[in-house]
Structure formats: C-alpha cells, structure tokens
Amino acid sequence: MDQLFYWGEGGQYGPYHAQANGWPNAGEVMRDFREQKAMSAEELGEVYGRATYKEHQPVSARRIHQMEAENDVPTDIERRRVLASLLDIPPFLFGLAALEDAAKRPAGPEPGPPAKRPAPPAKQSTGVDLEEYSTFLTFGWAQFYNNTAHSLVSGIHTRIRTLETVAREVGGTQAEQAKNLLCPYHFLLIDIARDQCHFSTAFNHVNSLLELAHEMDREDVLATALLRGGLTNCGKGHYAAAAFNLRYVLPLAEEARPQLKGYVLQAAGLALSYTAITEQEKTFALKKMDEAYNIIRAGPIEEDGSFVKLAEGWHYRSRAEALLAQQRPKDAQQVLKEAERSIGPDQPRRYIYVEIWQIYIYLALGYLPIAATTALHVLEIAEVINSKHAVLRVADIYKRLRTSEYKNHMEVAELRLRLDQAKARLGIVR
C-alpha cells in the first residue's frame, strides 16, 4: 500500500504520496491546487503557454492532465516556478524549496520506507493489561460523545506511548492487539483536537494513522484516517481541501463496513456541497448524501472499530448544512426539523451543532433576533462541554450580526459580552 502524508506546518496540505526524493508527488500537488482555484486544464494550459513559450501558444489540456496523472511536471526550474506562481503552490510542496526550507518536512512521519531495525526477541508478557486499555477506550469515547473528554487527553497520550512500545518490542498476538488499539486511540485524539480547534495536533495524529495503515496493510484504517483528515479540513473551513481528501476515500469506502462507508459518503456530500458551482455538481453532492441515508435506513448499524457514529439525526443535520451551503435555507430548515426529532439535549455534543446550524438558517432567512438569543443558549452548552469549536462558531455568528441591521440591539451587545467571557474561560485567544 503506497503511503499518503499531510505536509507543511500543521499538515495543512495533502494528502499526497511521497516521491522517491522525499518531496510530495508534484503531479498530485498540481492537480489539487488547480482544482482549488476552480481552474480547468484548458485555462491553465492557456496561461502557462503564454508565460513560458515565445510563441505564446497554449499547452493542451491533455498535456496538463498528463503532468498531473503521471507526475510528469517539468523538471526545468523556471517552468516549474511559473506553474507554482500560477497556482499559488508553496515552493516546498513543488520541490522548489531552498536549503533553508528543508526543515519544512511532512507534519508527522518522514516519507519513504522507515529504516529497518533488528527485531527484538519476543516477550511472553508485557505487563500491560490490554483488556483494560480497551475498556478505558470505550469510556473515553463515551465521555467525548456525552460531555467532554478534554481531561483525559494526557492519559490517552501516555497510553498511546505504552501501546507503541508494546507494538514495537513485543512479537506475536500482543503486538497485533496493541496496533489494533492504537488506531481508535488516535481516532479519539483527532476528534478531541478538532473540537478544541487544535488542527495541527489533529493532523499529526492523522499522519500517525497513515503510518499504521501502511504498516498493517489496513485499507479501513487508511480510509478512516483520510476521512478524519477531511473532517478536520471541514472544521477549519477549508472545504476544497476536504473535498480533495475525501476523493481519495470514496474508492476505499466501496468495500468498507457500512458504518464507515456511510459516513464517508455523508462527509463527501457535505464538502462537495461547499465547493459545488454548477447544478450538476450540487446534485452529485446531494446524491452522495442520499447513498449514505440508504445505508442508515437499511440498518441497524452497530458501532465499529473506526468509532464513527452514523445515525439518522446527524445525517439530517449534515444534509441541512449541505443545503444551506447550496443556498437553499428554506429546504435546510425543513430537514433540520428532522434532526431535532432525533437529537436532543441529552446528546449535547451533537445537539449543539443542530442549534448552531439553526442559527445560520435564521441568519440566511433574516430572522435576526432569534438568531442572537439562540447563540446565547449555544454558548452555555459550549462551556459545559468545553467545545472551543462551538464557541468560535458563535464568534462567526456574532460578526455577522454585528454587521447586520440588528447590530445595535441589546441581544447583540449581550452576545459580545458573553462571548468574551466564554473565550476567557476556555482559553481562546483569537
């Protein structure tokens, strides 16, 4: 299985395969940045030809696609610089970094095969109760879904280090069990980090999972890692990058367990709704969500080892967000009502996002007073469950209210005060 990596400070680029020289696959980088700029191969070929050839003749779309698909990007440094400039590609992603940039390596494991080390002799016992590690993991996920697992982070890191030692130094069944436990421990830390807006941390754990997927030859782990990379980019608001991530996952998900396949389809439909321009693209995005819904309706779906929760209520919330991204707030309102029937205050980590997207729908429909009062309620829940991501969503809502016709009303002033208090309590500095 070829390895994929996220690259750059915080792992904000990718995932891309690593070339033999250790840099990202230039063809994949080129395609990613071209698509993020919504530039066709024909358009790029035209401007690239004008910039590089004396006759100013365009380069064919076929040649552009060849560069991308076959990693046949020009080796001539000046032509490569032109492509990087036209597509706003950071130099280090395109093999153009100066020596001083060499420190900007992948966020996570080094690309290429790891150095081989002699295998230590197998041990009969590790002194580690792997059954207890499994029980603690279940407890950690329950804490995260029902309230907050923020206080568990230090202990989870300690357990990961222990499991890594077992996987590295002990042979046989115990090593395999340790690796299998490492995956959901990393999944949990990714989800906690994303909720805390620690996106660099999330991507570091995604990279650890990519390494594990390669080592274990597990396509389900690879799919789940890339899914969570896509969700992390969604959390950052980088929907074009998320759509690129999830494009890699869709083929892997075809043979995956129903829970994972459905969540991948749902996440892809959401990300593609943000990037869709044409009606055909919008329809395609919603079709992916329909496919996810069909899996849900065929249930029941039990929790699986990837710890993704595919449920009807959350699907409706995601579909409402997708419809709002496609500028259909009235349709989104109807769908969100279905989410409210399934997700209640007893599920605060999910319920809070039902309310958040209700606010965005209110804003789109011009219902400003109720948007402000609902935002105040969301802040109360966010502080209880220690969700920085939810607080920053409210900060975005406040900015929209502050520039609206409702800006001078008392509720908006109170929201500003309560928002500042919540940021201070949760240690949010932006």
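Throughout, read-outs are computed from the coordinates displayed, never taken from laboratory work. What you are looking at is a predicted structure, and each value in this text was computed from that prediction instead of being measured. Ideal geometry is used to build each Cβ from the backbone, glycine not excepted, and the neighbour counts take in all protein chains shown.
Annotations
- Note on the chain: GNM, Cα springs under 10 Å; of 225, 142, 178, the largest mean-square fluctuation is that of 142.
- For residue 131 and residue 154, a Förster radius of 25 Å and the Cβ-Cβ distance give a FRET efficiency of 0.70, rounded to the nearest 0.05.
- Qualifying GluC sites (Glu not before Pro) in region 193-261, DSSP loop, other Cβ atoms within 10 Å at most 12: 254, 255
- Helical mean residue ellipticity (222 nm; -39500 (n - 2.57) per DSSP H run of 4+; nearest 500) of the chain: -22000 deg cm²/dmol
- Exceeding the 21 Å Cα-Cα cut-off - candidates 37/282; 37/330; 282/309; 288/388; 179/288; 236/399: 37/330; 282/309; 288/388; 179/288
- In terms of its alpha-carbon gyration tensor, region 260-362 comes out oblate; a/c meets the 1.5 threshold, while b/c is at least as large as a/b.
- Residue among 14, 171, 262 with the largest mean-square fluctuation in a Gaussian network model of the chain, springs linking Cα atoms under 10 Å: 171
- Sites residue 51 and residue 146 - FRET efficiency at Förster radius 56 Å, r taken between beta-carbons, to 0.05: 0.50
- Intensity falloff of region 197-329 expressed as log10 I(q)/I(0), Debye formula with alpha-carbon point scatterers, at q = 0.15, 0.18 Å⁻¹: -0.68, -0.97
- Sorted peptide list for 230-238, 408-416, 242-250, criterion being average Cβ within 10 angstrom, highest first: 242-250, 230-238, 408-416
- For region 350-430: rounded, prolate or oblate by the Cα gyration tensor [a/c cutoff 1.5]: oblate
- Gaussian network model of the chain, Cα within-10 Å springs - most flexible of 15, 184, 90: 90
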